[in-house]
Amino acid sequence: MKGFNQLIRAVCLAFSVLFGHSFSRTHSVGNLVGEDGFIRRRPFKIRKTVMKMLKDRNYLVEDSEINMSKEEFKAKYGENVVREDLKFNKAKRNDSSSDQIYVLFYAEKNASMIMKTFVNCINSNNVSRAILVSQQQITRNAWKCMDLLSANCQLEVFQEDELLVNVTKHVLVPKYQVLTDEEKKTLLERYTMKETQLPCIQVTDPIARYYGMKRGQAVKIIRHSETAGAICYL
């Protein structure tokens, strides 16, 4: 707590220097976590990242859903957002409606409560792939339950903190393009390579998780250089 108080005083001092008048500790905290502050913006920012992530995975997501304003978000979900109200499901683009992904936002960390809600949602929507966005850290018991569930449904779990920022938009992150099975086959034939000769990316890599990549998939990386232009890696 002492460190937090020192941080607040430092922020107040910085604002005083920049704007020429003093800021009280209460005023500074209010700006940080008030109605337009960071904490109240979390659900808005996280939902936007998830929508963009699914569109990049080739799911049917409208631009209006990604570009929803804060005012529109507040009108739809209220000022104090209930995480469970943010749930939705999306179908794959140019595919059958049966190939859907279900996204559930959850604040509860109790394993039985999570699994009961999650199983009901998956069964009622008849989906084979799902994403769980958890506000709190998942307990060990919850992970064990989800391992059992993943036998029938491909399940991905994200912490809210991981989705506050879209990792693909960072200035140092190159462009990634996940190859189709046909594109991967063409690549291997073109360079007379075996799959094991390709460089590996961990399934736990933030970019691999963002695109929902599975073991055996290939990705093209396009990195821009000031001297060499666009360079492709595979």
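The numbers here are math on the coordinates, done by the rules we state, and not lab data. Because the structure is predicted, anything quoted here is derived from the model rather than measured. Cβ atoms come from the backbone with ideal geometry, glycine included; neighbour counts cover every protein chain shown.
In this simple spin-label model, placing a label point 7 Å from the Cα along the Cα-to-Cβ direction at both K194 and N166 gives a separation of 4.0 nm.
Using a ≥ b ≥ c from the Cα gyration tensor of region 167-233 (square roots of the eigenvalues), is it rounded, prolate or oblate, where a/c under 1.5 gives rounded and otherwise the larger of a/b and b/c decides, a/b for prolate? It comes out oblate by the Cα gyration axes. Extending 7 Å from Cα along the Cβ direction at E84 and again at K144 yields two label points whose distance is 2.5 nm. Excluding residues fewer than 8 places away in the same chain, name every one of the lysines whose C-alpha is closer than 20 Å to that of K52. Result set, ordered by chain and number: K70, K74, K76, K87, K90, K92, K169, K175, K214, K220. Annotation: amide H-H contacts under 5 Å for F88 (H modelled 1.01 Å from N, sequence separation of 5 or more, or interchain): V103.
A cut-off of 5 Å between modelled amide H atoms, ignoring neighbours fewer than 5 places along the same chain, links S128 with Q100.
Set the Förster distance to 30 Å, then compute FRET efficiency between R223 and Q159 from the Cβ-Cβ distance, nearest 0.05.
Values: r = 28 Å, r/R0 = 0.94.
Rounded to the nearest 0.05, the efficiency is 0.60.
Whole-Hz Karplus values for region 182-187 come out as 5, 5, 5, 4, 4, 4 Hz, taken residue by residue from phi with 6.51 cos²θ - 1.76 cosθ + 1.60 and θ = phi - 60°; glycine and proline positions read x. Ranked by the mean number of other Cβ atoms within 10 Å per residue, highest first, peptides 135-144, 52-61, 155-164 order as 52-61, 155-164, 135-144.
Using the Karplus relation 6.51 cos²θ - 1.76 cosθ + 1.60 with θ = phi - 60°, the per-residue 3J(HN,Hα) values for region 153-164 come to 9, 6, 10, 10, 10, 10, 7, 4, 4, 6, 10, 5 Hz, with x marking Gly and Pro.
Amide H to amide H distances under 5 Å link V157 with L132, where only residues 5 or more positions off or on other chains count and H is placed in the peptide plane.
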